[in-house]
């Protein structure tokens with residue numbers, strides 16, 4: 001826009017000289033200094049206004065647009081009709097409005113997520129807590145005299161407290177992972193040994209529910225760079241999920257295979273079939289499948305965060321996770337990058 005005063009000045013000079021020449025030689029009239037200066041400046045300002053009218057109009061559009069955005073209308077965008085500095089300013093203002101709109105949307109989504117979290121957790125905690133209070137009230141009031149009945153109430157109350165502990169543990173782990181300040185302690189380990197150890201510890205638990213474990217672990221050692229403690233949590237969540245939703249008696253198959261530059265771990269079980277819509281929501285926060293009465297296990301019920309936590313942990317360790325479902329046959333898989341020796 002620096003060209004405007006320069007061009008206006010040059011054109012004013014040329015127009016004035018042309019007019020002065022015309023009046024001098026055609027009419028024999030010479031302008032005095034008192035007349036020529038006002039004429040020259042009149043020409044200059046007239047040309048300057050003519051050239052800057054569109055600029056001033058566009059500048060006013062920018063000012064009005066900024067007032068709209070400042071008033072909370074983050075959907076407003078300035079028209080990009082110029083390719084000069086003002087056009088760049090308008091483009092930057094539109095970018096700023098877009099970023100503010102995205103930030104506001106993220107904050108709204110975060111607030112919505114917090115309210116959903118509070119609602120779901122409050123409901124999930126209230127149910128077992130109410131049961132515990134009910135059992136303790138009966139025992140405290142000595143309304144039940146039969147020792148076997150008392151033992152049953154104590155066992156039920158203990159099971160409900162375990163359920164409460166599981167809910168709180170899941171909630172604590174989920175809030176840590178989504179807090180954004182989680183720190184990974186990466187180690188290079190043999191994933192074969194880690195899985196073999198976890199399977200040996202899990203087999204007695206599965207056996208109590210008449211579930212056998214079949215393992216197919218590739219014998220060649222594979223090195224992966226992971227946070228061991230967190231990855232153990234992810235594997236454990238998948239094992240518990242397979243146990244909870246397996247037919248009894250049944251079998252859980254665990255595999256370890258090589259795929260180019262990745263190692264693939266699979267957890268396979270057979271249970272009740274689900275719809276494609278339910279399959280798409282398996283890793284969704286708070287989503288829980290209803291267990292059929294014949295599939296009930298004496299396992300603490302969670303808050304529907306187990307698979308969500310597993311997904312977050314795997315992705316934090318540069319891995320991927322997914323599921324394949326076919327008529328009640330589930331294969332949950334994890335892929336982790338192999339570290340070359």
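The values are calculated or read from the model by the stated rules, or taken from the named source; none is laboratory data. Model, not experiment: these values are computed from the prediction. All Cβ positions, even for glycine, are placed from backbone atoms using ideal geometry, and neighbour counts span all protein chains on display.
Each residue in region 318-334 was checked for being out of contact with any strand residue (DSSP E or B) (no Cβ under 6 Å at 6 or more places or on another chain) and crowded, with 17+ Cβ neighbours inside 10 Å, and 1 pass. Among the residues of region 193-208, just one is over 16 Å from residue 253 (Cβ atoms) and under 31 Å from the mean Cα position of the chain (by Cα), namely 194.
Among the residues that make up region 101-113, is at least one of them touching a helix residue (DSSP H, G or I) at 6+ places or on another chain (Cβ under 6 Å) and at pLDDT below 75?
Going residue by residue through region 101-113, those that are touching a helix residue (DSSP H, G or I) at 6+ places or on another chain (Cβ under 6 Å) are none.
Checked region 101-113: no residue is touching a helix residue (DSSP H, G or I) at 6+ places or on another chain (Cβ under 6 Å) and at pLDDT below 75.
Take the conditions (1) closer than 15 Å to residue 177 by Cβ; (2) at pLDDT 90 or above; (3) crowded, with 20+ Cβ neighbours inside 10 Å; residue 315 misses just one of them, which is (3). The single condition among (1) under 25 Å from the mean Cα position of the chain (by Cα); (2) modelled with pLDDT of 90 or more that residue 285 does not satisfy is (2).
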